[in-house]
1. Mind giving me the FRET efficiency for residue 291 and residue 369? R0 is 25 Å, r the Cβ-Cβ distance, nearest 0.05 is fine.
2. How far is it, in nm, from the label point at residue 391 to the one at residue 268 when both lie 7 Å from their Cα along the line to the Cβ?
3. For residue 39 and residue 229, compute 0.36 nm times the residue count separating them, minus their Cα-Cα distance, and round to one decimal in nm.
4. So between residue 2 and residue 301, what do we pick up on full extension, going 0.36 nm a residue minus the alpha carbon distance?
5. Provide the descending list of Cα extents for the range 24-116 along its principal axes, expressed in whole angstroms.
6. Per 0.36 nm of contour for each residue apart, how much would the distance between residue 199 and residue 258 grow if the chain were fully extended, relative to their Cα-Cα spacing?
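Bear in mind that the values in this text are calculations on the coordinates, not laboratory data. Fair warning: this is a prediction, and the values are worked out from it, not measured in the lab. Cβ sites come from the backbone with ideal geometry, for glycine too, and all protein chains shown count toward neighbours.
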């Protein structure tokens, strides 16, 4: 069985901490080959069966686990150490006493000269009740990592994130973080001056300080638009679709237009009446559509029939109604001398007008007249003798 046990000396030293207050100071880690014969370690041992190499502890920690504490001690054999089998390990304190011992699966530790390079890590773990009874002494120069640890560290995307972010920020800094000067890059310093004789390739003559040119003096005077200018068509194309779509689609009067501005200052802002409101005829703050007007008229009127035959200067029909109505007068005349008199609400609206317009080719004709009245309607025959047959459809408000 592969496990770690405390030796009698180890248990004694750890147990005496309560009395002496002297903690066990772990320092060395040893490996051995037990002379080639694996065995089960015992608590009476004070040394390994056949120690092959001893190294200082490279890493250790005490981990609380409920009511007890786990001591984990780690050591690494460098690639330059080896050439032997390992099947036993031991943990020694600063005084050189064997505190813990463990059997290990047998494995070979090669040397660099064997054609392979390999580090080997060993870990011993045991449990104690008082964490203060054990201390681990680690030599800073012995803190090493294995190639496996290094590979894992290099593949960790979060490793040294602060350093990587700092380097990234430095690379992206375009504000001359190294304070490079013009001289360092071979450029002239700001504000420098040259003497006239230091300037090369000067022209042989110069124009007067103040001079003018005419159009003829300038070769290729034709004016061409370049990328600094736009034609009206190009400007319209660039502006196409640039207007804020929210304003174009706003239907809530974004410019605050008033009724007077659109010629509706005298129009009341009434809604359209419902069919029930139109039939009731009681509201004064509604508008009626043509359909509702006709529907209201039909729903509040009744129709009756009146007929008569008139002779010269005789009343043919006298119609009265408390709410008024519409009369459809259907008449038949017999000659062009026949005349008709109509009195509507006490006012004569047709008096003795000859019916010649409706009399054609000396033939009897039939015609209709529609009259709206509010209270009364009188129809009389007026004119020369002649028959006048009248049929009246009265549509009265009820």
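1. Efficiency computed from Cβ-Cβ geometry: 0.45.
2. 4.2 nm
3. Going from the current span to full extension adds 58.8 nm.
4. 96.2 nm
5. Result for the range 24-116: principal-axis Cα extents of 47, 27, 26 Å.
6. 13.9 nm
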